[in-house]
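Notes for the one structure printed next.
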Amino acid sequence: MTAIPQERRVVTAIPGPKSQELQARRTATVAGGVGSVLPVFTARAGGGIIEDVDGNRLIDFGSGIAVTSVGASAEAVVRRASAQLADFTHTCFMVTPYEGYVEVCEALAELTPGDHAKKSALFNSGAEAVENAVKVARSYTGRQAVVVFDHGYHGRTNLTMALTAKNMPYKHGFGPFAPEVYRVPVAYGYRWPTGAENAGAEASAQAIDMISKQVGAENVAAIIIEPVLGEGGFIEPAKGFLPAIAEFAKENGIVFVADEIQSGFCRTGQWFACEDEGVVPDLITTAKGIAGGLPLAAVTGRAEIMDAVHSGGLGGTYGGNPVACAGALGSIETMKELDLNAKARRIEEVMKGRLATMQEKYPAIGDIRGRGAMIAIELVKDPATKEPDAAAAGALAKACHAEGLLVLTCGTYGNVLRFLPPLVIGEDLLNEGLDILEQAFAGV
């Protein structure tokens, strides 16, 4: 898989002296608004390991935020992207097109849910994909309103900040935001007032009632939801919620958009998370895991919806860059060859088993949730009150980092530890990472 030894190694403090030197250079020239979870500077990465400039090897439970699902230097991605790099780096698909873009769209038509005719447009980032899905939906329906959900995250551009629920750090001080965006409840089982078993039916009824009364279904162009909410805390909407919302959209001529930017491409043990309840979206947005670490995103959907936009209305200078397209084809090849959906399901089995054992010992773990290799634990001060404990999440992450395990936090309340290991991680590394987490709990 990769030349990097697949073993953890801590030889200096983390961050080490060379990383600290680079951090000083960074502070002098990189804008302060660009943060970093852990200021260790990467030298190489592959499989389940990130090697830093000081020679430390960290176990990777982040995958660059669900991007390097096939590893950060997957053979097929490197091979295909390198070959394309030697041929040409760019012509702009809107000037003189090339086959790679078409091949990626063909693969998306094959892999995304539903057997209807599909078309795609390619972009650079998840936020761009979501923004363009809104453009397509508005063009197709002739309507303006867009409905999103509590705890949702959709990006950092002006429109996608409006779609995103969380103020800090994504929206704070950046307004005014795009109009005609309406937010409704989501079925957050762990925190639903009448219990998780009622969340699906009650939350969907509430959301539909709010859309009908406050917005008017006939004014809604699109309903956009992450089938597993990412930054909001890896919330799986309670069963029945997504199908009910999708059905409401269908009945009212609303374009139903599944934002699969974090949850797509084998991450949850299926090609796409919406497949879990058989939901077939009208449009699906993808990015992150699509191209093995190269910047690429897509909107894929029903041909008649995608074709509603006038010629020249969609695009962008770099959208569907040829090197990124080659990377995507290598990434998809790897996912199929190694059956990474099965690998993701195995990761879930191992992680949930170990985390359940930890939960018995440490009641601070209020909830264990997620699917495949998209797993999280929500930390609380008291399981009875479920008061969020962001400090515990931060302390645990810090303790893991010091021992050479990269983990990320998330959640509207900042109290969720999320685990996104590369799908190619070895089971020994996976278990060693969980050992470190368990030690962190004992220490914190």
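The values are calculated or read from the model by the stated rules, or taken from the named source; none is laboratory data. Computed from a predicted structure; not experimentally measured. Glycine gets a Cβ as well: all are built from the backbone with ideal geometry, and neighbour counts include every protein chain shown.
I'm trying to understand the selection: among the residues of region 411-434, which are surrounded by fewer than 23 Cβ atoms within 10 Å (Cβ to Cβ), in contact with a strand residue (DSSP E or B) (Cβ under 9 Å, 6 or more places away or on another chain) and not aliphatic (A, V, I, L, M)?
T412, Y413, G414, E432, listed by residue number.
All but one of (1) in a loop (DSSP other than H, G, I, E, B); (2) in contact with a Phe, Trp or Tyr (Cβ under 7 Å, 6 or more places away or on another chain) hold for G253; state the number of the condition that does not hold.
Exception for G253: condition (2).
Quickly run through region 8-42 and pick out the residues that are within 26 Å of the chain's Cα centre (by Cα) and surrounded by 12 or more Cβ atoms within 10 Å (Cβ to Cβ). Write out each step before concluding.
Within region 8-42, the subset within 26 Å of the chain's Cα centre (by Cα) is 8, 30-42.
R8, V37, L38, P39, V40, F41, T42 - these are the residues of region 8-42 that are within 26 Å of the chain's Cα centre (by Cα) and surrounded by 12 or more Cβ atoms within 10 Å (Cβ to Cβ).
Kindly provide the set of residues from region 209-244 that are free of Cβ contacts under 8 Å to residues at least 60 places away in the same chain, outside any loop (DSSP other than H, G, I, E, B), in contact with a Pro (Cβ under 9 Å, 6 or more places away or on another chain) and within 17 Å of P113 (Cα to Cα), ordered by number.
If the condition is that a residue be free of Cβ contacts under 8 Å to residues at least 60 places away in the same chain, outside any loop (DSSP other than H, G, I, E, B), in contact with a Pro (Cβ under 9 Å, 6 or more places away or on another chain) and within 17 Å of P113 (Cα to Cα), then L242 is the only one that fits.
Residues of region 275-295 being buried (at least 24 other Cβ atoms within 10 Å of the Cβ) and closer than 23 Å to S139 by Cβ, which ones?
P281, D282, L283, I284, T285, T286, A287 - these are the residues of region 275-295 that are buried (at least 24 other Cβ atoms within 10 Å of the Cβ) and closer than 23 Å to S139 by Cβ.
Residues that are in the same structural domain as P281 (by TED's automatic domain parsing), at least 1 per element: which helices (runs of 4 or more DSSP H) completely within region 42-152 meet that? Give the steps one after another, and end with the answer.
On the way: elements: 63-66, 75-87, 99-111, 126-141.
The qualifying helices (runs of 4 or more DSSP H) are 75-87, 99-111, 126-141.
Answer yes or no: is there a residue in region 15-35 that is touching a residue at least 60 places away in the same chain (Cβ under 8 Å) and in contact with a helix residue (DSSP H, G or I) (Cβ under 9 Å, 6 or more places away or on another chain).
Residues of region 15-35 that are touching a residue at least 60 places away in the same chain (Cβ under 8 Å), as a first pass: 35.
Narrowing further to those that are in contact with a helix residue (DSSP H, G or I) (Cβ under 9 Å, 6 or more places away or on another chain): none.
No - not one qualifying residue is present in region 15-35.
Working only within region 36-65, note down all residues that are without any contact (Cβ under 8 Å) to a residue 24 or more places away in the chain and hydroxyl-bearing (S, T, Y).
S36, T42
Give the residue that is nearest to the chain's Cα centre (by Cα), with candidates limited to residues of region 401-410 that are outside any strand (DSSP E or B) and surrounded by fewer than 23 Cβ atoms within 10 Å (Cβ to Cβ).
Only one residue tops the list, namely H401.
Residues checked against (1) surrounded by fewer than 23 Cβ atoms within 10 Å (Cβ to Cβ); (2) modelled with pLDDT of 95 or more; (3) in contact with a strand residue (DSSP E or B) (Cβ under 6 Å, 6 or more places away or on another chain); (4) farther than 24 Å from R345 by Cβ:
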| residue | (1), (2), (3), (4) |
| --- | --- |
| K361 | yes, yes, no, yes |
| I368 | yes, yes, yes, no |
| A376 | no, yes, yes, no |
| L379 | no, yes, no, yes |
| K386 | yes, yes, yes, yes |
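Pick from region 343-380 the residues that are within 21 Å of the chain's Cα centre (by Cα) and free of Cβ contacts under 8 Å to residues at least 60 places away in the same chain: which of them is nearest to G394 (Cα to Cα)?
My answer is L379.
Out of (1) out of contact with any helix residue (DSSP H, G or I) (no Cβ under 9 Å at 6 or more places or on another chain); (2) surrounded by fewer than 16 Cβ atoms within 10 Å (Cβ to Cβ), the odd one out for A442 is which?
(1)
If you go through region 222-245 one residue at a time, how many are surrounded by fewer than 24 Cβ atoms within 10 Å (Cβ to Cβ) and within 11 Å of F256 (Cα to Cα)?
Summing the residues that are surrounded by fewer than 24 Cβ atoms within 10 Å (Cβ to Cβ) and within 11 Å of F256 (Cα to Cα) in region 222-245 gives 1.
Would you tally the residues in region 184-201 being within 19 Å of G233 (Cβ to Cβ) and outside any loop (DSSP other than H, G, I, E, B)? Please lay out each step first, then the result.
At the first step, the residues of region 184-201 found to be within 19 Å of G233 (Cβ to Cβ) are 184-193, 195-196, 199-200.
Filter once more, keeping what is outside any loop (DSSP other than H, G, I, E, B): 184, 189-191, 196, 199-200.
Qualifying residue count, region 184-201: 7.
Which condition number does Y182 fail, the rest of (1) in contact with a helix residue (DSSP H, G or I) (Cβ under 8 Å, 6 or more places away or on another chain); (2) under 27 Å from A66 (Cβ atoms); (3) among the hydroxyl-bearing types (S, T, Y) being met?
Evaluating Y182 over (1) in contact with a helix residue (DSSP H, G or I) (Cβ under 8 Å, 6 or more places away or on another chain); (2) under 27 Å from A66 (Cβ atoms); (3) among the hydroxyl-bearing types (S, T, Y) leaves (2) as the failure.
From the list P97, P39, which one is within 30 Å of L314 (Cβ to Cβ) and either at pLDDT 95 or above or of a type outside the set (A, V, I, L, M, F, W, C) (or both)? Explain how you work it out, then say what you get.
Values: P39 fails: within 30 Å of L314 (Cβ to Cβ).
Result: P97 is the single residue among P97, P39 that is within 30 Å of L314 (Cβ to Cβ) and either at pLDDT 95 or above or of a type outside the set (A, V, I, L, M, F, W, C) (or both).
Going by the conditions given, is V102 surrounded by fewer than 19 Cβ atoms within 10 Å (Cβ to Cβ), out of contact with any Asp or Glu (no Cβ under 8 Å at 6 or more places or on another chain) and of a type in the set (V, I, T)?
Values: surrounded by fewer than 19 Cβ atoms within 10 Å (Cβ to Cβ): yes; out of contact with any Asp or Glu (no Cβ under 8 Å at 6 or more places or on another chain): yes; of a type in the set (V, I, T): yes.
The answer is yes for V102.
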